[in-house]
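*Asks:* Dropping the structure in here first, questions after.
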Amino acid sequence: MELSEHIKTANVEAVTLRRPFHPALRGTLCVTSHHLLFSDRKDEASRQLLILIKNIDAIEKSVENLFGYPRAVGSSGTITIKCKDLLVLQLEIPGMEECLNIASSIEVLNIVITSHRQKERLLWDRWRVSKVNSDYSVCPSYPSAVIVPREVDDDKLIRSARFRQGGRFPVLSYCHHRNGMVIMRSSQPLTGANKKRCKEDELLLQAVIDGSELGYIIDLRSAQQAQQARMTGGGFESKSCYSHWKRIHRHHERGKVVQESLIKLVEVCSDPSHTVDRWLSKLENSKWLSHVHSALSTAGLVVECVERDGHSVLVHGSEGTDNTLLVSSLAQLILDPASRTVTGFLCLLEREWIQAGHPFQQRCAHSVYSHARLKQECPSFLLLLDCVWQVWRQFPLALEFSEALLLRLAQEVYASNYGTFLCNSEQERCAAGVKENTHCLFQSLLKPDIEEQYLNPLYEPTDLAIWPSVHPQSLQLWTGMFLRWTKHAQNMEEAREEVWRIVKEHRERAGPDRTNNTLSTHCDTLTPFENLMDELTIL
Amino acid sequence: MEHIRMPKVEHVRLVDRSSSRRTQVGTLYLTATHTIFVGKGSEDRNDLWVLHSLVCNVVKHKASQSGYPLLIICKNFQVIRFIIPQESDCHDVYISLSRLSRPEKYEELYCFSFNPNVDKAEREHSWDFLDLKAEYSRMGLPNKLWHVNPINREYRVCDTYPADLFVPKSVTLPVIVGSSKFRSRGRFPTLSYYCKENHATICRSSQPLSGFSARCLEDEQMLQAIMKSNPGSRFMYVVDTRPKLNAMANRAAGKGYENEDNYCNIKFQFIGIENIHVMRNSQQKLIEVSALHSPSMGEFLTGLENSDWLRHIKSIMEAGLFISKAVAEEGVSVLVHCSDGWDRTAQVCSVASVLLDPYYRTLKGLMVLIEKDWVSFGHMFSHRCGHLIGEAKEVSPVIDQFLECVWQLMEQFPCAFEYNEKFLISIHIHIYSCHYGNFICNSQKERKDLILCIIKEKAHSVWLHLWEKKLDFMNPLFKPDQSQNQGLLRPSTAPYCFKYWRRLYNRFDRELHPRQSELDCLMTVKEETQKLEEELALYEQKMAVLDKERAKTLYMQKGVLDSKQALWSLPLDTSLANTPQDYIGGAPNLCLFGDQTKSSDADNSDQESGVADFSSHSSGEESLPSEDSVKDPDSDETGPNRA
């Protein structure tokens, strides 16, 4: 976020400045990123004033008369600025709102300027890269290097790994630069029927939230399922052992159920002879959109914890290789502007899916038409792409990439000339020599110039979180994917080409900078969606 | 005014449906025309204005802890929830609003008190904006086969038809009269659309009074003449848009449908579109689904399915497609009817026209189409939209369905329509709001007879108003020259092509809609390109002028001065040559600067208020709700002061 974005009101006219040894002066007040500028727009230097925001020690706003000056007439306010060099000034600002805006802008800027640098350093003070898994013995599905709290040493990690299914101990997935809050992910703890504990695991999570704060555990199973998991050796973090963590359960379907949803969905999409009623009931019956709905809602919940409430979050389901990754990567897409660029999005996939050990080979062995008996197939990745598409529909300017990129990925994940989606984990890829023997899809997409069709012509970066609406009315069937081979798709292609033509014509006339400028006026306010807020409050 | 028991209530709370946190406290005013809610300490944009004529229903709910809830349900699908502290106040508001929202006479409707700041001439001019005669001549009528028959000038043959009707030239007056006597309410077969290219027509009528065996020679001659007026074809279709069962039931009442044996060379076809009562119930269910508070995906889809709404839309679309294909591909004329020929017939004829003729996919074209097929042909707007207090059974969303069909087509063909969905929604509002005089009464005759004087004396026409705001309604993706957008549109009627129209039914649930608008953005980009191009042209023009002047100066200097003195002209020369460069260098900069300040302002306001601040008119979705329905920008005079 640019400093200037904290400025609510940049300019106020007819401000009266009072300061020692000078007569009161009327003029214009400007707030910039680093300065406060007052000028009566005349040439004399004495009639101008430039103050570094950093120099401001305290700011008081008031409507009462201070220092015996007559009380402001009408709607106006007075700001008293006390500088570090002991200068005290008064600004009488017409308009209550302007007065408050100026005061709060200065206050915020003062804080932001100070904390801008410190935050990044703080971040690395608290976290470190651990190579405990360099030979993949601690967790076979994790990459060789992971990020963990600095104060937790490798021994503790090994203990914690033993307490988590598949050794997937809590690791850092994302750190929110604005408030330093993090998204962690792991697999379920192996508490079992007799409520085993693991001190190191508890310490690890305690280290994440750093003392007195509260963290949220988003368990991607219903409370009942989590209870049942204890019978088979799994479990959940109990309140008594993890006192600073609050657990929220959100039910997500997984594995076979999701695969069958996809099969049903494709089946109904490929039969246009249905009546509308039959179509709707079959669409409902496939439950695919329900999966999209729950994935986006839970991701929204995570984002709310992190962005709005300022808490760290741990996400896990059972194994932590499917829905966990789905939710954590969607949350990042919503939160982090960097992950909405082409490069950023591909990095996100590399980090959260490929390195994080989503078992692509097992999950994508067959798609929907195969007669082979289902084993471990599950379209988690396709579900992610669908959710990303939904976000794009609601924020058509916010993503740098286009639907075509999502479609390409959907195709590559099942059958590919590249090695990117091969195997189930980094360990397997290493053993198979994937890096040495195949090409990387992501690299070929990005280099040397990304194909135009993968770009969104209307892209206009926004720093804010893009909260999608998760109301069923707002979610649609991804026609570009599921009705790809119908006439419908052709008309959409025509529209896409027309969008490009309009943007190109503009660029030709105005130059790319100007086009971006025009687009930027269209970034609407991005406000949190309320339904999730309500849910959180109830909890 | 005499109906207002309680002009002002303080400390009323306006409850937001989606979140109880966004409740506002303020004052509720009742005026002769509007309900107004002014939030406490809020700026203008938080005011809520609701036209009484838009109110569909007022409901009192059981008292809650905080007061007495009062619901105002509007015809544009907005539901407003107030909580009023005192029971007596709540009751008074309820009684007043119940009366105010159910006018008994046309004179009470808002269009007769709506008084924008325009003079008489302008108002009258607004009524001349659309000219149906011009529309028929655009189609190529009259011609050697079709002409306007003056028989209905006094509305004597059929009082629900317009005065000017096109019939085949070969048809004599007795045939028309005979045919009209054989049709429900005298609505004899007459032309609705004529296809220049192949002379095929869409004609419309009501059902024949055939009963089980009755015949009418004149009616048979009438159809024969229509068929013959299309020289290329040897038969014609007669499309009955009702389900076969309904049509058969009508026979018992002496009505029914054409017997293929009695009419020469007709092919008879049923297309099962349900009647107005089924449609009303279906929409009611749909509205209930749209108003569910955070339903699950399953609940929503099941509700949508159970409403049957999309099935009905599909059946109308299929009927339109059948007819348009018959006309464009087979070159065969079609006669369409239902029972009375003013509901389903209007829907189907106009959907077919939109599919057939690219003109109806332009702004003006759609206005003309509605004016022709709906307003002039006697769609009973007052009954169907419930403008006046009357039979609830007569209310039905027939025109909603037509607008929705057009919307579904726009979804399938994003580049084929000049207008966007805001245009459809604006038309929808104006049909129900009685803000303008276009959609009151049930037929042309009624409009002329009853209140002819006051409509044109006092009310305004909406079409000019919409036309003046046309930049808001433009689809930036419109590509009229593309071959697939010319001629017949062939929409898919696969079930997945029929979608839920969120913008119409959930228009006021802001959090449900995309936060960024692709189309608005494209529109701005497009406008700016155009502006830049115009600027460029202007500078080129100036350059040309300056070049000419320079040449002239040089020429004069050459002529007047001798070659030695010509050296003196050098500085003058260069200064002139500099001038155009200054324009080019200076002007775009200037304009860039202007633009930058503007866009940064817009950024700020975005951050703060969510109200986009582009001075251009593509001002985002937000502009729509605030307009017309809630508070009309030019209706200042109807505010509380005046009332």
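*Asks:* Report, by chain and number, residues whose modeled amide H sits under 5 Å from the one on B:L335, excluding near sequence neighbours (fewer than 5 apart, same chain).
*Replies:* Those qualifying (amide H under 5 Å, at least 5 residues apart or on another chain) are B:C203, B:Y237, B:V238, B:V239.
*Asks:* Can you pull the mean other chain C-beta count within 10 Å for peptide A:467-479?
*Replies:* Values: counts 2, 2, 8, 4, 13, 14, 14, 7, 2, 3, 2, 0, 4.
Average per residue, whole number: 6.
*Asks:* May I ask for the Rg/Rh ratio of region B:8-102, computed from Cα atoms with Rh as the Kirkwood radius, given to two decimals?
*Replies:* On the Cα set of region B:8-102, Rg over Rh gives 0.92.
*Asks:* Among B:I399, B:I316, A:L405, which residue has its Cα furthest toward the positive end of the charge dipole of the protein assembly as shown, with +1 on Lys/Arg Cβ and -1 on Asp/Glu Cβ?
*Replies:* The residue sitting farthest along the positive end of the dipole is B:I316.
*Asks:* Another question, if that's okay. Please compute, for the alpha-carbon atoms of region B:290-341, the extent along each of the three principal axes and give them in descending order in Å.
*Replies:* 50, 27, 13
*Asks:* Can you compute log10 of I(q)/I(0) for region B:232-289 with the Debye formula, treating each Cα as one identical point scatterer, at q = 0.12, 0.21, 0.30 Å⁻¹?
*Replies:* For region B:232-289 at q = 0.12, 0.21, 0.30 Å⁻¹, log10 I(q)/I(0) is -0.42, -0.85, -1.17.
*Asks:* If you look at just the Cα atoms of chain A, how large are its Rg and its Dmax in Å?
*Replies:* When restricted to the Cα atoms of chain A, Rg and Dmax are 27.5, 91 Å.
*Asks:* Roll a 1.4 angstrom probe over the protein heavy atoms and tell me the percent of accessible area of region B:62-140 that is carbon or sulfur.
*Replies:* Here it works out to 47 percent.
*Asks:* Let me ask something else about it. To the nearest 20 debye, what is the magnitude of the charge dipole of chain A about its Cα centre, counting +1 on the Cβ of each Lys and Arg and -1 on the Cβ of each Asp and Glu? Write out the running numbers ahead of the final one.
*Replies:* Numbers: 61 positive and 66 negative charges, 256 e Å.
Once rounded to the nearest 20, the dipole reads 1220 debye.
*Asks:* Taking only the alpha-carbon atoms of region B:341-456, what semi-axes of the equivalent ellipsoid follow from 5 times the gyration tensor eigenvalues under a square root, in whole Å, largest first?
*Replies:* In descending order, the three semi-axes are 25, 14, 13 Å.
*Asks:* Bin all alpha-carbon pair distances of the protein assembly as shown at 20 Å intervals from 0 and give each bin's fraction as a whole percent.
*Replies:* Pairs per bin, as whole percents: 10, 32, 35, 19, 5, 0.
*Asks:* Between B and A, buried accessible area summed over both sides at probe 1.4 Å, in Å² to the nearest 100? Working shown, then result.
*Replies:* Working: alone 30330 and 26470 Å², together 50270 Å².
When B and A are taken together, about 6500 Å² of accessible area is lost.
*Asks:* So what is the diffusion coefficient of region A:182-241 in µm² per second by Stokes-Einstein at 10 °C and 1.306 mPa s, using a Kirkwood Rh over Cα pairs?
*Replies:* Answer, rounded: 129 µm²/s.
*Asks:* Considering only B:S180, A:I218, A:I59, whose Cα is most displaced toward the positive end of the charge dipole of the protein assembly as shown, charges sitting on Cβ of Lys, Arg (+1) and Asp, Glu (-1)?
*Replies:* B:S180
*Asks:* Pop the C-beta distance of B:Q530 and B:H293 into the FRET formula with R0 = 45 Å and round what comes out to the nearest 0.05.
*Replies:* 0.50
*Asks:* Whose amide H sits under 5 Å from the amide H of A:I217, counting only residues 5 or more places off or on another chain, with H placed in the peptide plane?
*Replies:* A:K246, A:R247, A:I248, A:L314
*Asks:* May I pose another question? About the Cα centre, and with charges only on the beta carbon of Lys, Arg (+1) and Asp, Glu (-1), how big is the dipole of the protein assembly as shown? Nearest 20 debye, please. It would help to have the intermediate numbers written out before the result.
*Replies:* Details: 136 positive and 150 negative charges, 488 e Å.
Value, rounded to 20: 2340 debye.
*Asks:* Taking region B:64-159 on its own, what percent of its Cα-Cα pair distances exceed 20 Å?
*Replies:* Of all Cα-Cα pairs in region B:64-159, 69 percent lie more than 20 Å apart.
*Asks:* Now for a separate question. Per residue and in Å³, how big is the convex hull formed by the alpha-carbon atoms of region B:120-522?
*Replies:* 145
*Asks:* Let me spell out the model: positive unit charges on the Cβ of Lys and Arg, negative unit charges on the Cβ of Asp and Glu, origin at the Cα centre of region B:8-102. What dipole size does that give, in debye rounded to 20?
*Replies:* Its charge dipole is roughly 340 debye.
*Asks:* Moving to a separate point now. State in Å² the accessible area per residue of region B:149-240; use a 1.4 Å probe, count heavy atoms of protein chains only, and round to the nearest integer.
*Replies:* Heavy-atom accessible area per residue stands at 39 Å².
*Asks:* Quick check: pseudo-label points 7 Å beyond the Cα along Cα→Cβ at A:D154 and A:K435, how many nm apart are they?
*Replies:* Rounded to a tenth, the inter-label distance reads 1.8 nm.
*Asks:* Okay, next question. Check B:Y419: other-chain or 5+ apart residues with amide H under 5 Å from its amide H, H built from backbone geometry?
*Replies:* B:L363, B:N475
*Asks:* Would you list the membrane-span-like helices of chain A, meaning whole DSSP H runs whose alpha-carbon atoms span at least 30 Å along their axis and whose mean Kyte-Doolittle value is at least -1.0?
*Replies:* Sorted by number, the helices that extend far enough and score high enough are A:96-126.
*Asks:* With every protein chain present, what is the per residue accessible area of chain A (1.4 Å probe, Å²)?
*Replies:* Working: 23200 Å² over 539 residues.
Counting only protein heavy atoms, the per-residue value for chain A is 43 Å².
*Asks:* How many percent of the alpha carbon pairs in region A:236-382 exceed a separation of 18 Å?
*Replies:* The answer is 64 percent, as a whole percent.
*Asks:* Continuing with this model, one more query. Quick one: the Cα spread of region B:206-357 along its three principal axes, in angstroms, biggest first?
*Replies:* Cα extents, longest axis first: 59, 37, 19 Å.
*Asks:* Ok, one more. When N counts the residues of region A:388-463, how does its alpha-carbon radius of gyration compare numerically with 2.2 N^0.38 Å, as a ratio?
*Replies:* 1.31
*Asks:* In addition: Mind checking which of A:H471, B:A249, A:M181 is farthest towards the positive end of the protein assembly as shown's charge dipole, using Cβ charges of +1 (Lys, Arg) and -1 (Asp, Glu) about the Cα centre?
*Replies:* Going by the charge dipole, the pick is B:A249.
*Asks:* Can I ask one more? If I take R0 = 56 Å and measure r between the Cβ atoms of A:K239 and B:I95 in this structure, what FRET efficiency does the formula 1/(1 + (r/R0)^6) give, to the nearest 0.05?
*Replies:* 0.55
*Asks:* While we're on this one: Given the pairs B:K40/B:K75; A:K264/A:K287; B:K181/B:K228; B:K144/B:K196; B:K314/B:K470, which are separated by over 20 angstrom at their Cα positions? Could the numbers behind the result be given before it?
*Replies:* Values: B:K40/B:K75 27 Å; A:K264/A:K287 9 Å; B:K181/B:K228 22 Å; B:K144/B:K196 12 Å; B:K314/B:K470 29 Å.
Listed pairs above 20 Å: B:K40/B:K75; B:K181/B:K228; B:K314/B:K470.
The values are calculated or read from the model by the stated rules, or taken from the named source; none is laboratory data. Since we're looking at a predicted model, the values are computed, not measured. Methodologically, a virtual Cβ is constructed for each residue, glycine included, from the backbone with ideal geometry; neighbour enumeration extends over all protein chains shown. What goes into the accessible areas is simple: the full protein's heavy atoms, side chains included, and nothing from ligands, DNA or RNA. Shrake-Rupley method; radii C 1.70, N 1.55, O 1.52, S 1.80 Å.
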